[in-house]
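> Sharing a structure below in C-alpha cells format, with a few things to ask.
The values are calculated or read from the model by the stated rules, or taken from the named source; none is laboratory data. It should be emphasised that the depicted structure is a prediction, and the values quoted were computed from it without experimental measurement. In this analysis, Cβ positions are derived from the backbone assuming ideal geometry, glycine residues included, and neighbour counts consider all displayed protein chains.
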Amino acid sequence: MSLSPRALALLVSAAGVLAGCASPGALRPDLPAAAPVRWHAPLPHAGDPAAIAGWWARFDDPLLARLVDAAQAASPTLAAAQARLAEARAARTAAGARLLPTLDASASLSRGRAELGTPIANTAVAGLQAGWELDLFGGAQAGRAAAGARLAAAEAGWHDARVVVAAETAQAYVALRACEALRQQAELDATSRDATARLTQEAARVGFQAPATAALADASAAQARAQAVAQAAQCQGVVKSLVALTALDEAALAGQLAERTARLPAPAALAVDSVPAQALGQRPDLAMAGWAVEAAAAEVQAARADRWPRITLAGSVSRARVDFDGGRLEGNLWTLGPLAVSLPVFDAGTRAAQVDAASARYDEALAAWRGSLRQAVREVETALVQLDSTASRAADAQRALDGFEASLRATEARHLGGLASLFELEDARRSAAAARSQWIALQQERLSAWVTLYRALGGGWTADGPPPAPRPVAAAS
C-alpha cells in the first residue's frame with residue numbers, strides 16, 4: 001500500500017518543473033521572474049469546518065466528533081491562526097489601496113496681518129486634497145499580489161490548524177480507549193491472581209501446598225494490583241490531556257467517556273489501497289507553502305520596481321473666505337499638480353540590497369515548499385505502510401489471543417483439580433495477558449494510522465475520483 005511509481009514520478013516531475021521555472025537565476029534583474037507551478041487541488045473538506053468534524057462521524061463513536069468540535073472551539077492555536085488571518089486580510093486591503101488615489105479633507109481658520117500695510121483679517125479655508133502615485137513599473141501591483149498570496153497562505157494555515165487539532169484530539173481519544181481496555185485487563189488479572197493467592201494460602205495452611213508456593217501466589221497478586229493501579233493512573237493522565245484539549249469540565253467529560261469505556265472507535269467502510277499523488281495538493285500546509293513562494297516572488301518584483309523612478313500627481317480644490325475691516329473676499333481655489341518625478345540616484349546600495357534580500361527570501365520559501373512536498377510523501381507512505389502492516393497482523397494476533405486464552409482456561413481447570421502447578425498457571429496467565437495487550441495495542445496502532453493518514457492528506461480525502469489536474473499560475477507582473 002503505497003504511492004504508485006507513476007504517482008511518485010508525477011511528484012518528481014512537479015518538483016523538477018518548479019526548479020526549472022523558478023530557479024534562483026530567474027530572480028536576477030536581467031531575467032524574467034516566474035512563480036512556481038503549484039497544485040490547486042480543492043481541500044477534501046472544501047474548507048468547511050463542519051466537513052472536518054464530519055469526517056470523524058464515519059467512526060462508530062459519536063463522542064469522538066463532539067470532542068473534535070470542542071477542541072477546535074477552545075484551541076489557542078486556532079485562535080492565533082484566526083488572528084493571523086485577520087492581519088493578512090487587513091494587509092491585503094492596505095496593499096490594494098496603494099493603487100488608488102488618496103483624498104484628504106482639510107479646514108483651517110486664522111486671524112492676523114499677512115503683510116505690512118494690510119488690515120487685520122480673518123481667513124477661513126476648507127477643501128480637498130488628492131494625491132496619486134502612478135504605478136508605471138508595477139511595484140504597487142506586485143505588493144498587492146504578495147499581500148493576496150499571504151492572505152491565501154493564512155487561510156490555508158487556519159485550515160491546517162483545524163486539521164492538526166482534530167488529529168491530535170482523535171489520537172488522544174484513541175489512546176484513552178486503548179488505555180481503558182488495558183486497565184480493565186489489568187483489573188481482571190489482579191482479581192484472578194487474588195483469588196489464586198487466597199486458595200493457595202488456604203491449601204498451604206492445611207499442608208496441601210508448600211509455604212514457598214503460597215508466597216509466590218501472594219507476590220503475584222501484589223504485582224498485578226500494582227500494575228492495575230499504574231494503568232489507571234496512566235488513563236487519568238490521558239483524560240487530563242483531553243480536558244486540556246477541549247476545555248471541558250473534567251467531571252462532565254468523565255460522564256460522557258463512561259458511556260463507552262474501553263471501546264475503541266472503529267472507522268466504517270474506510271479502505272485505502274493507494275493514494276493518487278495529486279491528493280497531496282489537498283494538504284493545507286502544502287498550499288500554505290506554495291502561496292508563500294508566490295508571495296515571495298511578488299515581493300522580489302516589488303523590490304525591483306522600487307529601483308525605478310516614482311511619479312506622483314497631486315491636486316486640490318477648496319473654498320476660501322477672508323474677512324477684514326471694510327470688506328470680504330470669498331471664492332474657490334484649485335490647483336492641479338505638481339506632477340513630481342523622483343529618480344533614485346544614490347542610496348549606497350540600499351535598494352539593490354533589498355532586491356537581494358527579497359531574492360533570498362524567495363529561495364528560502366522555495367526550499368521550504370520542496371521540503372514540505374517530500375515530507376508529505378513520507379507521511380502518506382508511512383501511514384499506508386502502517387495500515388497495511390496492522391491489517392496483515394490482525395489474523396495472527398487474533399489467533400494467538402484465542403489460543404493463549406484457551407490455554408489459560410484449561411490450565412486454571414487443571415490447577416483447581418491439582419493437576420497443574422502454580423508455576424504453570426502463572427506462565428499461562430502471563431502469556432494470555434501479553435496476547436491481550438498485543439491485541440489492544442494492534443487496534444490502537446491501526447486507528448492511529450487512520451488518524452495519521454487523515455492528517456497526511458490534509459483532513460481526509462475523496463475516493464470517488466482523481467482530484468483535478470494541476471494548473472500553472474503565472475507570477476504577478
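> Just checking, which of Ala147, Ala126, Ala152 is at pLDDT 90 or above and surrounded by 22 or more Cβ atoms within 10 Å (Cβ to Cβ)?
Working: Ala126 fails: surrounded by 22 or more Cβ atoms within 10 Å (Cβ to Cβ); Ala152 fails: surrounded by 22 or more Cβ atoms within 10 Å (Cβ to Cβ).
Of the residues listed, the single one that is at pLDDT 90 or above and surrounded by 22 or more Cβ atoms within 10 Å (Cβ to Cβ) is Ala147.
To keep it simple, each residue is scored yes or no on (1) in a helix (DSSP H, G or I); (2) farther than 23 Å from Gln185 by Cβ; (3) modelled with pLDDT of 90 or more; (4) out of contact with any helix residue (DSSP H, G or I) (no Cβ under 6 Å at 6 or more places or on another chain).
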site: Gly255; (1), (2), (3), (4): yes, yes, yes, yes
site: Asp273; (1), (2), (3), (4): no, yes, no, yes
site: Leu280; (1), (2), (3), (4): yes, yes, no, no
site: Leu286; (1), (2), (3), (4): yes, yes, no, no
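> Still on this structure, please answer the following. Condition test on Val473, is it in a helix (DSSP H, G or I) and either β-branched (Val, Ile, Thr) or modelled with pLDDT under 85 (or both)?
Details: in a helix (DSSP H, G or I): no; either β-branched (Val, Ile, Thr) or modelled with pLDDT under 85 (or both): yes.
The answer is no for Val473.
> Taking region 232-253, which residues are closer than 21 Å to Ala434 by Cβ and buried (at least 18 other Cβ atoms within 10 Å of the Cβ)?
Across region 232-253, the qualifying residue is only Cys235.
> Would you point out which residue out of Arg409, Arg393 is without any contact (Cβ under 8 Å) to a residue 12 or more places away in the chain, in a helix (DSSP H, G or I) and assigned by TED's automatic domain parsing to the domain that holds Arg177? Reasoning before the result, please.
Numbers: Arg393 fails: without any contact (Cβ under 8 Å) to a residue 12 or more places away in the chain.
Every option except Arg409 fails the conditions.
> Could you give every pair whose Cβ atoms fall below 6 Å, whose first residue belongs to region 98-123 and is farther than 12 Å from Asp325 by Cα, and whose second residue is β-branched (Val, Ile, Thr) and at pLDDT 85 or above, counting only separations of at least 6 or pairs across chains?
Listed by first residue and then by second, the contacts come to Ser108/Val125; Ser110/Thr123; Thr123/Val322.
> Quick one: which of Ala79, Ala74, Ala88, Ala70 is crowded, with 20+ Cβ neighbours inside 10 Å and among the hydrophobic types (A, V, I, L, M, F, W, C)? Walk me through how you get there before you give the answer.
Values: Ala79 fails: crowded, with 20+ Cβ neighbours inside 10 Å; Ala74 fails: crowded, with 20+ Cβ neighbours inside 10 Å; Ala70 fails: crowded, with 20+ Cβ neighbours inside 10 Å.
After ruling out the rest, the residue left standing is Ala88.
> Right, Glu381: surrounded by fewer than 17 Cβ atoms within 10 Å (Cβ to Cβ), within 22 Å of Glu202 (Cα to Cα), touching a Ser or Thr at 6+ places or on another chain (Cβ under 6 Å) and not small (Gly, Ala, Ser) or not? Break it down stepwise before answering.
Values: surrounded by fewer than 17 Cβ atoms within 10 Å (Cβ to Cβ): yes; within 22 Å of Glu202 (Cα to Cα): no; touching a Ser or Thr at 6+ places or on another chain (Cβ under 6 Å): yes; not small (Gly, Ala, Ser): yes.
Answer is no for this residue.
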